Amino acid sequence: MKTLRALLRNPQGAAGLALCSLVMLTAILGPAIAPNDPEAFHFGARFAAPSAEFPFGTDWYGRDLFSRILVGARSTVLLALLATVIGTALGAIIGVVSGYLGGMVDEAIMRVTDAVMAIPSLLFALMILAALGSSALNAVLAIGIAFTPGMARISRSVTLQVRSLDYVSAAKARGESLRWIVLAEILPNTIAPVIVEGTIRVAFAIMTLATLSFLGLGAQPPAPEWGLMIAEARDHLFRSPWPVVAPGAAIAIVAIGFNLLGDGLRDVLNPRTGDHA
Amino acid sequence: MTLTVRDYALYYDTATGPVRILDDISLDIARGEVLGLVGESGSAKSSLANAVIRDLPGKVHAERGSICLGDEDITRASAATMTSLRGKRIAMVFQNAATTLDPVQTLGNHLLETLERHTTLDASARQARALELIGMVGLPDPAAMMLRFAHEVSGGEKQRVVLALAFACEPELILFDEPTSALDATTAATLLDLFRELQARTGVSALFISHDLGTVADIAHRVAVIYGGRIVEQGPTEAIFARPQHPYTQALLASLPRPSDRLTARGLATSGARPAPRRGEMPACLFSGSCPHHDPAICDAQRVHAVPIADRSIACARVARGETLPTPDAPAPLPSPRDSAVLLEAQNLSVTYGRPSLTDRLRGRTALQVRAVRDISFQLHQGETLALVGESGCGKSSLARSLSGLQPFAGKTLLGGVETTPDSAAWRARVQTIFQNPDSSLNPRHTLATILGRPLKLFRPDVDRPAEIARLLQRVHLPADYANRYPHQLSGGEKQRVAIARALAAEPDVIICDEITSGLDAAVQAAIVRLLREIQAASGTALVFITHDLGILRHVADRVAVMYLGEMVETCEVSALDAAPWHPYTEALLSSSHSVDPQSRARRVRLQGSLPKRTQDLPGCPFASRCPRHLGPQCDTQRPPLRQPEDGHAILCHLADDTLHAVPPIWQFKTPERTTP
């Protein structure tokens with residue numbers, strides 16, 4: 001509750017919280033409030049511009065984009081969030097442990113992450129999907145794992161600074177366990193850049209999920225998944241921009257919302273600035 | 001007048017409103033005069049230098065008054081005018097030479113560039129002038145020095161180059177911002193000598209900013225004391241230090257150690273000043289919140305300004321009425337509960353850095369190894385304080401880390417006569433460490449309750465934790481409701497108290513204090529030292545007190561071990577520091593510490609020569625390359641013997657006992673009330 005109140009006092013945090021709440025509400029209530037069936041064709045109104053009947057216009061089959069976006073929010077946003085959370089949590093822990101232990105362990109972990117990072121994340125996700133079989137959940141897992149090395153790098157670099165500080169030495173001199181040092185002494189002090197990076201990654205996750213769907217490995221047409229919508233509408237871009245603009249704008253709002261929320265959280269979670277905000 | 005500042009005030013804009021940085025500043029620096037500006041951390045003394053050089057780091061909210069260089073008001077000067085003034089008419093010497101010099105330029109290039117920018121000399125004349133400047137600041141082999149990079153020379157040499165840069169265009173005014181604070185005492189002393197000599201020769205004026213009153217007492221003709229962005233007292237150096245009149249100056253001086261303290265049994269005043277208000281409505285007198293002589297009828301009547309009284313100007317309403325305010329009383333030093341039983345013992349302890357890497361080992365190369373601590377043996381008795389003194393790189397911190405179980409070492413450690421390794425649970429429960437910087441030794445994400453609760457959970461799991469945390473806070477004189485605070489909500493001194501409370505939580509027999517007072521202001525330092533003594537008296541804890549400051553050592557230590565290049569060159573009772581015999585290094589160290597006491601004079605012993613490479617294995621005495629009492633080849637080739645000129649006094653030196661005894665005293669005190677210890 002205290003964090004929430006502080007977040008509302010922080011201008012970025014409040015804006016981010018508002019946008020993210022909007023997105024989450026859409027994800028939950030979307031199917032209930034959608035005015036049209038997202039998969040119903042309106043052949044009389046193909047490529048319609050926004051109007052009272054179709055607030056965001058229609059696509060090449062005349063499907064109502066507004067309804068498609070409302071219905072698609074759930075799969076798109078929740079799956080992207082899940083993928084980001086998996087990647088961030090895994091990466092942060094690997095990074096902190098590797099940075100703290102140093103030496104051979106660090107070398108080994110970091111060389112492996114370097115190798116993984118050398119493979120484009122899409123390709124890497126494809127490999128994982130090829131191994132696990134294609135489904136929406138496997139796609140989420142694949143993206144999460146593909147994000148892990150980048151997050152590990154970031155949290156490790158912060159850990160290297162934190163680890164040389166005296167409070168870590170003090171904990172070691174006190175004979176604290178590895179678990180306490182990593183989870184209580186180091187991790188909270190490395191979390192700020194990790195959270196910010198994580199919020200940026202939400203947008204990437206949406207796009208990667210879309211690409212996987214486009215390749216037939218995630219959501220399948222005619223599912224109203226946002227990324228898939230953009231991928232499909234690409235062919236018709238010159239006839240009408242609306243089928244690309246509407247889901248594109250939706251993704252942008254999610255990205256900006258999470259980004260602002262991330263900035264706000266970073267300030268609020270920092271005990272130094274948190275209570276003056 | 002070289003510099004005239006009149007009624008200068010500066011306010012910065014911050015997110016939470018305007019902040020008063022400086023106000024009511026009036027000062028003059030005559031031609032050839034050195035004005036010392038002293039103040040504690042947060043007194044805005046550096047901001048004044050920034051204002052004079054017109055490089056204000058903050059967003060200026062308001063600026064009033066005038067700063068005149070000669071006849072020109074530089075607060076109105078254009079950016080272009082200032083660019084041509086800086087380096088030519090005003091030069092600046094910063095605290096940290098390592099970051100002042102550009103790492104990708106040779107030292108010579110720095111000088112040539114400045115000369116090219118501000119003089120009309122041609123290339124060969126510039127080269128000649130640069131060589132002359134490098135010679136002038138006492139650097140050997142100027143031609144070779146020109147071609148070196150900053151990382152290839154020592155800290156003291158870097159600061160000499162910065163000094164040469166400042167003198168390059170023969171400026172009228174040089175601003176010094178803590179120029180010697182980052183240097184070792186012996187290096188700082190030679191640098192100050194150099195500046196004094198250059199100043200006398202060139203007749204340059206200087207504003208010398210420092211938190212170290214001893215340094216300022218040594219170099220300045222006049223002194224201005226700044227508190228909360230205001231100058232509270234200003235006058236001739238001797239007069240201010242001999243007879244401080246403003247209550248703030250009095251409190252400041254009363255909390256500073258002096259070389260004669262042990263002889264006169266003088267204690268240190270612990271009543272420091274609170275930070276001055278910076279926002280909103282200002283009290284009539286800035287110091288009234290901390291002033292022991294605050295009288296609302298007089299002090300709060302009207303805004304207090306600095307007024308000239310006899311030889312000085314002073315901002316105090318009561319002094320202005322002709323009153324003489326008494327100096328605060330300092331509590332008498334507390335004795336330590338020392339006992340003859342040996343508690344902790346180290347035998348032949350060595351720390352070596354630099355392990356050959358795998359590729360080096362495969363290629364049969366030996367890696368360069370640094371021997372940070374060599375073969376040290378010492379004993380710590382129950383309830384006593386052993387001070388480890390030495391300059392940076394002498395191995396004192398490596399030794400502390402070894403004894404805290406953070407650094408692997410060779411050798412044996414005994415606790416209560418039983419061999420125990422520092423990384424064992426038995427050792428950890430009885431030996432605790434306090435680190436130098438409380439900003440980094442307390443986790444910013446933890447409340448004090450968590451910080452103090454952890455050692456309780458680990459070492460005394462049975463106690464009632466909240467009650468014990470409250471008791472610990474109370475023992476270090478902090479209110480119990482601090483338990484829910486975060487470290488950043490505390491001042492520097494309070495943070496260090498929390499660090500002390502954390503060490504006490506385990507109820508240890510030994511506390512290792514690694515430079516715990518070095519980042520603190522004098523009054524806070526005095527209070528921390530007092531607190532340590534109180535704790536010792538109550539619990540009989542033994543302390544290993546690591547420091548580079550000889551002044552404070554006289555107030556905390558029972559025995560002293562002087563370290564140089566990883567070796568203990570001298571161990572003695574603290575009282576033995578007052579008279580010969582000394583190791584020649586101890587002698588130099590004693591001589592380079594400054595005193596604010598105008599009644600004392602130090603015999604000058606300055607170290608020449610350079611430190612040997614740390615990776616070199618020296619066959620002779622480690623101090624041979626800089627020793628002013630160097631005997632001859634035996635110093636360079638033979639290990640010095642461990643001499644015992646008196647009981648409990650050991651000196652590692654080739655000099656004979658008689659020679660060591662015959663060394664004349666370093667400090668001479670004119671104080672009449674000298675008492676024997």
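The values are calculated or read from the model by the stated rules, or taken from the named source; none is laboratory data. Keep in mind it's a predicted model, so treat the numbers as computed, not measured. Here Cβ is always computed from backbone atoms with ideal geometry, including for glycine, and neighbour counts include all displayed protein chains.
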Do we have B:Ala537 as out of contact with any helix residue (DSSP H, G or I) (no Cβ under 9 Å at 6 or more places or on another chain), surrounded by fewer than 21 Cβ atoms within 10 Å (Cβ to Cβ) and aliphatic (A, V, I, L, M) here? yes
Which residues, counting only those in segment B:55-65, are within 18 Å of B:Leu37 (Cβ to Cβ) and modelled with pLDDT of 90 or more? B:Gly65
Which fully enclosed helices (runs of 4 or more DSSP H) of segment B:398-496 have 1 or more residues being surrounded by 15 or more Cβ atoms within 10 Å (Cβ to Cβ), within 13 Å of another protein chain (Cβ to nearest Cβ) and small (Gly, Ala, Ser)? B:425-430, B:438-441, B:448-459
Does B:Ala276 fit the bill of being out of contact with any Cys (no Cβ under 7 Å at 6 or more places or on another chain), in a loop (DSSP other than H, G, I, E, B) and buried (at least 20 other Cβ atoms within 10 Å of the Cβ)? yes
Looking only at segment B:32-46, decide whether some residue is within 30 Å of B:His151 (Cα to Cα), in a helix (DSSP H, G or I) and modelled with pLDDT under 90. yes
Return the only residue of A:Leu82, A:Leu29, A:Leu70, A:Leu4 being within 25 Å of A:Val194 (Cβ to Cβ), in a helix (DSSP H, G or I), modelled with pLDDT of 80 or more and of a type in the set (A, V, I, L, M). A:Leu82
Taking the stated definitions as given, is A:Ala152 more than 9 Å from chain B (Cβ to nearest Cβ), in contact with a helix residue (DSSP H, G or I) (Cβ under 8 Å, 6 or more places away or on another chain) and modelled with pLDDT under 90? no
Whether any residue in segment B:616-630 is in contact (Cβ under 8 Å) with a residue 40 or more places away in the chain, part of a loop (DSSP other than H, G, I, E, B) and at positive phi is what I want to check. no
Given segment B:512-586, what strands (runs of 3 or more DSSP E) lie entirely inside it while holding 1 or more residues that are under 16 Å from the mean Cα position of the chain (by Cα)? B:542-547
Do any helices (runs of 4 or more DSSP H) entirely within segment A:105-184 hold 3 or more residues that are farther than 22 Å from A:Ala89 by Cβ, and if so, which? A:121-132, A:166-174
Hey, A:Glu53 hits all of (1) part of a helix (DSSP H, G or I); (2) of a type outside the set (A, V, I, L, M); (3) under 28 Å from A:Arg239 (Cα atoms) but one; which does it fall short on? (1)
Under 7 Å by Cβ, and 6 or more places apart or on different chains, what pairs join a residue from segment B:528-544 that is more than 18 Å from B:Leu256 (Cβ to Cβ) with one that is of a type in the set (Asp, Glu)? B:Thr541/B:Asp509; B:Ala542/B:Glu384; B:Ala542/B:Asp509
Checking B:Leu334 against (1) farther than 30 Å from B:Tyr248 by Cα; (2) of a type in the set (A, V, I, L, M); (3) in contact with an Asp or Glu (Cβ under 9 Å, 6 or more places away or on another chain), which test does it fail? (1)
Among residues belonging to segment A:34-90 that are among the β-branched types (Val, Ile, Thr) and over 18 Å from the mean Cα position of the chain (by Cα), point out the one that is surrounded by the fewest Cβ atoms within 10 Å (Cβ to Cβ). A:Val71
Answer yes or no as to whether B:Gly395 is on the phi > 0 side of the Ramachandran plot, within 14 Å of chain A (Cβ to nearest Cβ) and either free of Cβ contacts under 8 Å to residues at least 24 places away in the same chain or not basic (Lys, Arg) (or both). no
Expected output for segment A:214-234 (first residue on the phi > 0 side of the Ramachandran plot, partner buried (at least 21 other Cβ atoms within 10 Å of the Cβ), Cβ below 6 Å, 6+ apart or cross-chain) is none
